[in-house]
Structures are given as structure tokens and as C-alpha cells.
Amino acid sequence: MYTPLEKLGDIYDNNYEIFVKRDDLYPISGGGNKGRKAKVIFEKCLHDGKNAVVTCGGAQSNHLRATAIMCRQLGLQFTAVIHANKPGVLSGNLQLLQLLGVRIVFCDMSEVAEVMDAEMERFRALSFDPFYIYGGGHSVEGTYAYVQAVNELASQSPIIFDKVFHASGTGATQAGLHIGFGLNEFHTEVIGISVAREQQRGKAVINASINEYLEHYQLTFQVKPVHFDDSCLCGGYEKTTKELLSTISQVAKLTGIILDPTYTGKAWLGMKHFMDRHPTTKKQKILFWHTGGLLNLMAY
Ligand SMILES: *Cc1c(COP(=O)(O)O)cnc(C)c1O
């Protein structure tokens, strides 16, 4: 069940050969990294014998959609706590949540923890044994999913990439990739392009995830410094710029790869800026790790 690895080649004629790891095609409706994380998170959920789930996210959360689908596949109860006002039109991920018929509770950002606790209590009162998942699937299991993803890549292709670019949000994907490439002793540099957080906090959270993972599995190896780039925030989470939107449109026309304005468009823009800032005469292999986001585009 490997996601495809595609070669785009030297599309910008600048000696950077671009490959794409198509986690946007991860086998769950809507695809993406939240599907890959959810797969591992639900293994733990079932292992722990749980029969209901509570988690949270924004109105267009890919994590909520992947979690809702997994709950329906496995026959588990689910409450999606959404920190947003209920929009007039339910589009994209939210439309799928509605279609899946899961319980949705809208609340204020400041009330999320309280509402999630209340939903956990509600399940217990109904004699369920609920499982609590942090927003974005941020967890050791989420990190593990991306350590495994690097092993998947390594068994799929002998190519050693010079750089890997991807959209970085809560940090678990980047932590997993960072550890995964590190454990495989590749010289590959993982560059996370921030979609929301600024440098200092983003990096701190990724480092915390890395340390939590190493402690959990009792691993001791020298981790390289984390490379987290916050120069393509485009004004912040779910904010866009003209440059971002035109990049998404150019990439679609040039390659057939569909990016989205919330996550992967920013990652591609960050990769493009990097190549522009670092002209090279020596051929380099770059991997763009496509983390999904099609439904974010459709809801935009
Ligand atoms: C959540 C998400 C990310 C960021 O992943 P994190 O593990 O939270 O850093 C990137 N791309 C897409 C499409 C996402 O939904």
C-alpha cells in the first residue's frame, strides 16, 4: 500500500530534479498525511480496546475528516469538536463530516479543552470507553507514521534525495520525517515549510516531538538541527497571497500536480524560493512530500 513516488524532473531548468511522494493519494477519501497518521493512531485506539473517539480541529480540518472516516470504517462512535462558528454552507472536509453523520460540536477556541472533556464524559455516561486524540493527530503515533513513511520510501526507491520539502503544521509529520531520514543515515535534509507557526515556537514543538519519540522508543542517536522555514506564511494559517495562488495555478498547468492554498501550496512556494535563492550547477535531487489538501482547495 505504498503511495506513488513520481519523477517530475528538472521542470524549472535549474539543475534541481524534482520528485513527488504522493501522500495526497494515501488510500482514504481525500487522502493526505492525516490518513497516514490516523492509520497508526487507530491501531493504538483498537489495541487499547476503545470504542469511541473525541478529537478537535478547525472547520476544514483534514484530521477530523480522516478520523471520521476511520471511525465509520471501524464502527466507533465519534465526536468532532470544531473550534469555529458554524458556516452557512458546509463545504470540503466539513461537508464530508456531515455526510458521514458524526456528532459535531462547534465551540470557541478558548473552550476546546473543556468541550472535549465534556464529550469524553458524555461517552462514559453512555457506557462507552472513549479515546482522546489531540488536534491534528499530534502524538507519538503520528510521528511514528512518518518514520515508517521514510522506510516505505527507502524500500520503494534507492534514490538518496538531497532535500525534502513539505508543509509543516503541528510538527508531527516533520518530526517523523526528520527521525526517519536520520535513522536511515541519509544525508537528506528535511525542510519544513511552516503554514502557521513562526520559527521559534514551530521549531520548539518539533524538537519536543522528536525528543518525546526518542524517549518513548528509548532511541539514542544524534539528531541533526531541525530546519523550519516560516518565510511562506502568506499572512498566517489559511491566509493567501497572489504569489501563492499563482504558484498553485502554474504548478497545476506545468505538472498536473494539484496543490492547495492552506498547506501544500505554501510548501511548494517555499521550495521554489529555496531553489531561486540557491542556484546550483551540480545536479540535485529534491523530494516534494505532498501531504494532501485537495479538500482545502475545494473549500477555498
Ligand atoms: C495537517 C496537514 C499538514 C501538516 O502536518 P503536521 O503533521 O500537522 O505538521 C500538511 N499538509 C496537509 C494537507 C495537512 O492536512
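Where a number appears in this text, it was derived from the coordinates with a stated rule and is not lab data. A quick note: this is a predicted structure, and the numbers were derived from the prediction, not measured. All Cβ positions, even for glycine, are placed from backbone atoms using ideal geometry, and neighbour counts span all protein chains on display.
Points to keep in mind about this one:
- Unit charges on C-beta of K, R, D, E only; dipole of the range 211-297, Debye: 540
- Residues V89, V105, V81, sorted so that the one with the fewest Cβ neighbours within 10 Å comes first: V89, V105, V81
- Rg/Rh for the chain (Cα atoms only, Rh after Kirkwood) is 0.96.
- Fraction of beta bridges assigned by DSSP in the chain that are antiparallel (%, nearest 5): 10
- Considered as an equivalent ellipsoid built on the Cα gyration tensor, the range 122-244 has semi-axes of 26, 22, 14 Å, the largest given first.
- Residue order, fewest to most surrounding Cβ atoms within 10 angstrom, among C107, C232, C56: C107, C232, C56
- Projected label distance in nm at Y12 and H273, using a 7 Å step from Cα toward the beta-carbon: 1.2
- With kT/(6 pi eta Rh) evaluated at 10 °C and eta = 1.306 mPa s, and Rh the Kirkwood radius from Cα pairs, the range 216-300 diffuses with a coefficient of 108 µm²/s according to Stokes-Einstein.
- Which of S249, S91 has the fewest Cβ neighbours within 10 Å, and the rest in rising order: S249, S91
- Applying the criteria of a DSSP loop state and at most 10 other Cβ atoms within 10 Å to the GluC sites (Glu not before Pro) of the range 109-183 yields no site.
- Cross-link pairs exceeding 19 Å in C-alpha to C-alpha distance, out of K242/K272; K163/K266; K7/K253; K7/K285; K242/K283, comprise K242/K283.
- Each of Q95 and Y237 was given a label point 7 Å from its Cα along the Cα-to-Cβ line. The distance between the two points is 2.3 nm.
- Spin-label model distance (nm) - R201 vs E43, 7 Å beyond Cα toward Cβ: 3.2
- Distribution of pairwise C-alpha distances over the range 84-181, 5 Å bins, in %: 2, 10, 14, 15, 16, 15, 11, 9, 6, 2, 0
- Size of the range 49-126: Rg and Dmax of its alpha carbons, in Å, are 11.9, 37.
- Comparing H178, L8, F165 along the charge dipole axis of the chain, the residue lying farthest to the positive side is L8, per the Cβ-charge model.
- The range 103-119 - phi-based ³J(HN,Hα) in whole Hz, Karplus 6.51/-1.76/1.60, Gly and Pro as x: 6, 10, 10, 8, 7, 6, 3, 6, 9, 3, 4, 4, 5, 5, 4, 5, 5
- For F106, residues with placed amide H under 5 Å, excluding near neighbours: I82
- Loop GluC sites (Glu not before Pro), the range 153-216, which have at most 11 other Cβ atoms in a 10 Å radius of their Cβ (DSSP): E185
- Of the trypsin sites (Lys or Arg not before Pro) found in the range 250-284, the ones in coil according to DSSP and having at most 11 other Cβ atoms within 10 Å of their Cβ are K282, K283.
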